[in-house]
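Here's the structure, in structure tokens; my notes come after.
The values are calculated or read from the model by the stated rules, or taken from the named source; none is laboratory data. Keep in mind that this is a model prediction, so the values were computed, not measured. Here Cβ is always computed from backbone atoms with ideal geometry, including for glycine, and neighbour counts include all displayed protein chains. Calculation scope for accessible area: heavy atoms of the full protein, side chains included, ligands and nucleic acids excluded. Shrake-Rupley method; radii C 1.70, N 1.55, O 1.52, S 1.80 Å.
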Amino acid sequence: QVQFVESGGDLVQPGGSLKLSCTASGDAIRLYALGWFRQAPGKQRESVASISLQDFTYYTASVKGRFTISRDNAKTTLYLQMNSLTPEDTAVYYCNTWPPGRTGPESWGQGTQVTVSS
């Protein structure tokens, strides 16, 4: 199975910005459609954004216009640029294939914590 490693999370004030990064084993960034997901305390994990192999993108309504998902040109890293952050964006953020489980049994990395608070 593919192993994902997320990074870039931090404590940020409302209105601030963060850029998350995701790397994966097995050249998965290049080979699969990918997504960012998040899980807030006491809530279900939800899809945030996804990007196809053709670079079509999807955003859940709550982040549309604020977040941007992208791959770098070498297709070695997946990014999530997050702007105008609000406390409702506080969650552990994960990356995975889109949909999860494309490479075998669904497997998640450790995620990266994003906390939006003043």
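A few notes on this one:
- Percent RCO, i.e. relative contact order, over region 1-50, from Cα pairs under 8 Å lying at least 6 residues apart: 28 percent
- Here the extension length gained between Q81 and E106 equals 6.5 nm, from 0.36 nm per residue of separation less the Cα-Cα distance.
- Remark: the chain carries a charge dipole of roughly 140 debye about the Cα centre, counting +1 on each Lys and Arg Cβ and -1 on each Asp and Glu Cβ.
- Springs join every pair of Cα atoms under 10 Å in this Gaussian network model of the chain, and among L18, L53, L80 the largest mean-square fluctuation is at L53.
- For region 21-42, the residues whose amide N sits under 14 Å from a probe point set 7 Å from the Cα of Q54 along the beta carbon direction are 33.
- Percent RCO, i.e. relative contact order, over the chain, from Cα pairs under 8 Å lying at least 6 residues apart: 38 percent
- By definition, a body whose alpha carbon gyration tensor gives a ≥ b ≥ c is prolate when a/c is 1.5 or more and a/b is larger than b/c, and region 1-70 fits this prolate description.
- For region 78-118, taking Cα atoms only, Rg and Dmax work out to 12.7, 41 Å respectively.
- Apolar share of the accessible surface for region 72-114: 47 percent from carbon plus sulfur atoms, 1.4 Å probe.
- The chain: proportion of alpha-carbon pairs further apart than 18 angstrom, %: 45 percent
- Accessible area per residue in Å² at 1.4 Å probe, computed on region 67-117: 45 Å²
- Here's the picture: charge each Lys and Arg Cβ at +1 and each Asp and Glu Cβ at -1 in the chain, and of G65, N83, Q13 the one pushed furthest to the positive end of that dipole is G65.
- Along the chain, the exposed loop sites are trypsin sites (Lys or Arg not before Pro) outside DSSP states H, G, I, E and B with at most 14 other Cβ atoms within 10 Å, and the longest stretch free of them is 76-118.
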